[in-house]
1. Suppose we filter segment 158-188 for residues that are assigned to a loop (DSSP other than H, G, I, E, B), among the β-branched types (V, I, T) and free of Cβ contacts under 8 Å to residues at least 60 places away in the same chain; how many remain?
2. Scan segment 59-95 for residues that are of a type in the set (S, T, Y) and either crowded, with 19+ Cβ neighbours inside 10 Å or within 16 Å of C149 (Cα to Cα) (or both) and report the count.
3. Taking the condition within 17 Å of the chain's Cα centre (by Cα) and of a type in the set (K, R), does K61 pass?
4. I need the full set of residues from segment 413-435 which are farther than 17 Å from H521 by Cα and crowded, with 23+ Cβ neighbours inside 10 Å, in order please.
5. Condition check: more than 18 Å from the chain's Cα centre (by Cα) and among the hydroxyl-bearing types (S, T, Y). Does Y82 satisfy that?
6. Within the set of pairs 6+ apart or on separate chains, which have a first residue in segment 83-101 that is under 17 Å from S184 (Cβ atoms) and without any contact (Cβ under 8 Å) to a residue 60 or more places away in the chain, a second that is surrounded by fewer than 24 Cβ atoms within 10 Å (Cβ to Cβ) and hydrophobic (A, V, I, L, M, F, W, C), and C-beta atoms under 7 Å apart?
7. Here are V535, V558, V524: which of them is out of contact with any Lys or Arg (no Cβ under 7 Å at 6 or more places or on another chain), modelled with pLDDT of 95 or more and under 21 Å from M79 (Cα atoms)?
Amino acid sequence: MSNIPFIPETAPFTAEQRQWLNGFLAGMFSSSKLPAETPTSREPLVLLYGSQTGTTEGLAKRAAKEASRHGFDPKVVGMDKYQSIAWEKESNVLVLTSTYGDGEPPDNAQAFWEWLASDAAPRLEHVRYGVLALGDTNYPAFCEFGKKCDARFAALGARRAVERRDCDTDYETPASEWTHSAISALKGSSDSMRNVAAAPAPKQIETVFSRKNPFTAKLNANILLTGSGSQKEVRHFELALSGSGLEYEVGDALGIYPTNAPFVVERILKLLGCDGEEAVQSTLGELPLRLALSRHLDVTKPTNELLAAAAQRSAAFAQIFADKAALKSWLYGREVADVLAELPSSIAPADFVPLLRKMAPRLYSISSSPKAHPGEVHLTVGIVRYESHGVLRGGVCSTFLADRAVDAPVFIQPSHGFKLPSSGDTPIIMVGPGTGIAPFRAFVEERIATGTTGANWLFFGDQRRATDFLYEETLTTWLRDGHLARLDLAFSRDQTEKIYVQHRMLEQASELWEWLEAGAHFYVCGDAARMAKDVDAALHQVIETTGGKSPEDAAAYVTKLKSDKRYQRDVY
């Protein structure tokens, strides 16, 4: 009789997963019969990551596992720890980085880039390297920081082992392909990789619910937070996670796969001259055109491929397409359907669908603590609605949640760089105007639920107190009960001169400096383009004026805050 355990058919796995697990268990329990492995020399490899939300850190760790299976001795290093690398000794470096804002480095890469771009950076003729860049084509400076790293490594004499790969929001497959190509190139050939005498790692079984296999969460609450007369529409959503097995921590984000608005899909079908039942090919196989347009394709921002195809079909549009400035101006406020409307004749569905990108999930900062709301996840979302060129339009996911969702396909996106201090006694300062309040609602809920004693200081702002004071009752109750040590408010339109959160920071500069000197962690969430930059400038000013430091010393102080994980940002 065999003593080897096995997975029964009643277990919650597919037949393929059970088969693999049973094989793995059989191999593991008979491992004593296997011959000992021949020790091999493993080649060093540095995987250097720049990350704002933790995505590239996760990819770097995944790449390290694959590299280890192919004979490398990988070391995963955040760009904020670049000084720990013996650059004169390393021969293999893979760079994985995102881009934040207008082509800027992510927070953990600021000091690294200043060093790399300076005369202090060493020559790297002995280094073979590759760059994986993550970005979002909705931003003009797509993957710009990755491109800068690639160019700078080359300028310092490093040898490019694999071409840079620029990934859009649907990054999983291209990132995996690049990783394999990079490791193969560094090793010399795929044949030599196969000859490495290293133990194969067990095949990973994907979590039941994940980015690739989202959980359908029921939408339990849809509450309007802004008051009558507000120029904004902000809503609080609550989704049920019970039975999903999904777990999150405060600071994480929730990914949602939305459905496009029916009127947008209908407009496209009309311009194509289709009824929506036409069969088209997708990554999921053959689908009806209407279903593909509704759930699986991005029908908002036109791709370069669609624009080029339109230029080939329309002489008038070709003139616009040939002038970058004219094209940028024309595209402002326009979507895929507007491009179709410019064509003298329709495009066949089979030719049209490949010109669109896949529907990408939208990520929202979670605004709840799982300890305060077990089995639930809460979001704070600004609903985007506007009219342009005579057509009503809206944010794909925000209007999906507000108007159409009964349930939503979701997954958890962990954040490795936006977390509460490990010690509950540590004071925290939170700057979150508008929907930037989301993670800080979660932070305070978590600290209340865990009974921590660290003081909490919140800067919140919006347009008008009467209509835009999000979670007013909750925040004022927390202040009254001592869960918030301070609550500083900035409502920009309630007086002639506009007042923002950075102005409140400067007004409280002395106490802010005292908190920082006492070890407080400083957090910012919200708009990257303006608010985050203004808050950062105010932080530098506080350190200079109240801390009595020069601009250079203040910059070094902020850099130290970042490297110590005491200055963290969740900006978009």
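The values are calculated or read from the model by the stated rules, or taken from the named source; none is laboratory data. None of these values were measured; they are calculated from a predicted model. Here the Cβ positions follow ideal geometry from the backbone for every residue, glycine too, while neighbour counts run over all protein chains shown.
1. Count: 1.
2. Of the residues in segment 59-95, 1 are of a type in the set (S, T, Y) and either crowded, with 19+ Cβ neighbours inside 10 Å or within 16 Å of C149 (Cα to Cα) (or both).
3. yes
4. Residues satisfying the conditions are P433, T435.
5. When the stated conditions are applied, Y82 passes them.
6. Short answer, once both residue conditions are applied: S91/V127.
7. V558
Results for (1) within 16 Å of P140 (Cα to Cα); (2) of a type in the set (S, T, N, Q); (3) not in a strand (DSSP E or B), shown as yes or no for each residue.
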site: R290; (1), (2), (3): no, no, yes
site: L293; (1), (2), (3): no, no, yes
site: V299; (1), (2), (3): no, no, yes
site: A310; (1), (2), (3): no, no, yes
site: A316; (1), (2), (3): no, no, yes
site: Q319; (1), (2), (3): no, yes, yes
site: K328; (1), (2), (3): yes, no, yes
site: D338; (1), (2), (3): no, no, yes
